[in-house]
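The structure appears right after this line, and notes come after that.
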Amino acid sequence: MTESTRLSLHVPEPAVRPGDQPDFSNVEISKAGSVPRPEIDAAPETMRDLAYSIIRVLNREGEAVGPWAGLLSDEELLAGLKHMMLLRAFDARMLMAQRQGKTSFYMQHLGEEAVSCAFRKALSRGDMNFPTYRQAGLLIADDYPLVTMMNQIFSNKEDPLHGRQMPVLHSSKEHGFFTVSGNLATQFVQAVGWAMASAIKGDTKIAAAWIGDGSTAESDFHSALVFASTYKAPVVLNVVNNQWAISTFQGIARGGSGTFAARGLGFGIPALRVDGNDYLAVHAVARWAVERARRNLGPTLIEHVTYRVGAHSSSDDPSAYRPKTESEAWPLGDPVLRLKNHLIVRGVWSKERHLQAEAEIMDMVIRAQKEAESHGTLHAGGKPSLRDIFEGVYAEMPPHLQRQHQMAGC
């Protein structure tokens, strides 16, 4: 009898640690314009390669090239740039407010602005996003009032959620932004259920699910893929791969699949990877997936390859688990600067106009912040009464049910 080999557990390790030289040599970046654009109704098995390449439109010279280019006008691109700049300025002021003790908690979007801002412009009124806490750009790009966003973060008298959510966990049915859950990944399968309900009703509205790379390790992610593929739900399944979960690198959740998009292949779902720092590419891929869902052709899984420049939250110190200069080495660049350079190349923008816009946008954000801070605290004395706690939690019983309830002696 041969001697058995002793087993050992494999634990994925990041390529670099704090103090090491940043290294992204393992990120295979496709040449801008080189990845083909399938027909909307193409069979999933004909596009398997898209789960391993990265769809890019903007090249190093700031030009838009390839089959995914040419879908946006100059006016739409300028609006997109301003949305990303607005989200970045909003971030800066809210993080400062947190440091000043004006709110307990904040989560930045720095480096990821193109993902949500570009995606939102591919949707229609009535479509529903099931986001995580780093998709405020969906609201910004839909012209959701800045003051209302800040009221929720400050939990003041004008907070539309009446202090019943953590800061940054927004909610707006009118703007297609489902209540953000602090329990990560639950919204992914909920989006599929919402999309299935829309199909059952014969409606025209689709859903978009959002999840981070770390949360794909949770069972809800896989449940969503099962139901979306089985029932061909009209949903776009977005994985925002920003390289780092709360404090662990993407390899922990990705395992041996190679890419997050590749997880969709086993379910027969079209799976695409896109340069998440390229506004034009994100929008083009989003439009492709949205049209596919709208034509009743089923779900699409999109992996947005991007980088979380800031900390996971205001409670996090990324220097404890990654090199301090890693964000500077990220090979896909800054989404705001890349779109700015593209518009300059097109002759519709300039460095001077950009500086002016930065000042104008920051002034707008500061004015909104002053207005939000002018509203008093939500509860007198800072503490809610029992009525405050339970008001709105339970629905009012309709009159006919109240009468039945009384007749039954309850």
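The values are calculated or read from the model by the stated rules, or taken from the named source; none is laboratory data. Predicted, not measured: the structure shown is a model, and the values here were computed from it. Every residue, glycine as well, gets a Cβ built from its backbone with ideal geometry; the counts of neighbours run over all protein chains shown. For accessibility, only protein heavy atoms count, side chains too; no ligands or nucleic acids. Shrake-Rupley method; radii C 1.70, N 1.55, O 1.52, S 1.80 Å.
Summary of values
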{"quantity": "Some residue of segment 239-246 being at pLDDT below 95, touching a Pro at 6+ places or on another chain (Cβ under 9 Å), surrounded by fewer than 22 Cβ atoms within 10 Å (Cβ to Cβ) and within 23 Å of Gly137 (Cα to Cα)", "calculated": "no"}
{"quantity": "Selection within segment 182-205 - closer than 19 Å to His170 by Cα and outside any helix (DSSP H, G or I)", "calculated": "Gly182, Asn183, Leu184, Ala185"}
{"quantity": "Hits in segment 16-31 (condition: open to solvent by less than 90 Å² (accessible area, probe 1.4 Å) and free of Cβ contacts under 8 Å to residues at least 60 places away in the same chain)", "calculated": "Ser30"}
{"quantity": "Residue list for segment 40-70, filter: open to solvent by 60 Å² or more (accessible area, probe 1.4 Å) and either among the basic types (Lys, Arg) or assigned to a loop (DSSP other than H, G, I, E, B) (or both)", "calculated": "Asp41, Arg48, Tyr52, Arg60, Glu61, Glu63, Pro67, Gly70"}
{"quantity": "Test: residue in segment 129-146 that is at positive phi and of a type in the set (Gly, Ala, Ser)", "calculated": "no"}
{"quantity": "Qualifying residues in segment 179-211 (those that are crowded, with 19+ Cβ neighbours inside 10 Å and at pLDDT below 95) - the one nearest to Gln165 (Cα to Cα)", "calculated": "Val180"}
{"quantity": "Pair list, Cβ under 9 Å, 6 or more apart: segment 281-301 residue in contact (Cβ under 8 Å) with a residue 12 or more places away in the chain and of a type in the set (D, E, K, R), other residue crowded, with 24+ Cβ neighbours inside 10 Å and not in a helix (DSSP H, G or I)", "calculated": "Arg292/Pro234; Arg292/Val236; Arg292/Pro270; Arg292/Pro299; Arg292/Thr300; Arg294/Ile206; Arg294/Pro234; Arg295/Pro234"}
